[in-house]
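Heads up: the structure comes next, in structure tokens.
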Amino acid sequence: MSEVILDTLIDSIKLVPFLFLTYLAMEYLEHKAGEKTTHMVRKAGKMGPLIGGVAGVLPQCGFSIWCEKQAKWDR
């Protein structure tokens, strides 16, 4: 049982720098695209929900697949 907890803590510690860098990248992108995004939402008007629904249908799982492959390679 203690090995499971220790491995969990070690994996969590390894993941923190990646999560921090990802957070910084997302904040940077959000800051850069903030006004453009607001303008696009206002411009969409009543079509906004339809556009958002269509965009939400597209799968965005490429990042998840990449992470899965990385995890398999690390084994």
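Bear in mind these aren't lab numbers, they're just calculated from the coordinates by the rules spelled out. If you're wondering where the values come from, they're calculated on a predicted model, not measured in any experiment. As a convention, Cβ positions derive from the backbone with ideal geometry for all residues, glycine included, and neighbour counts pool all protein chains shown.
Would you calculate the separation in nanometres between label points at A33 and V57, each defined as 7 Å from the Cα along the Cα-to-beta-carbon direction?
With each label placed 7 Å out from Cα toward Cβ, I get 2.1 nm.
Most exposed first by the Cβ proxy, i.e. fewest other Cβ within 10 Å, how do K46, K32 rank?
Exposure proxy ranking, most exposed first: K46, K32.
Does segment 1-52 come out rounded, prolate or oblate by the C-alpha gyration tensor, with a ≥ b ≥ c the root eigenvalues, rounded set by a/c under 1.5 and, if not, prolate when a/b is larger than b/c and oblate if not?
oblate
Cβ under 14 Å from L24's Cβ, L24 left aside: what net charge do those residues give with Lys, Arg +1 and Asp, Glu -1?
-1
Note down the nm distance, to one decimal, between modelled labels 7 Å out along Cα→Cβ at K46 and at V16.
So the two model labels end up 5.2 nm from each other.
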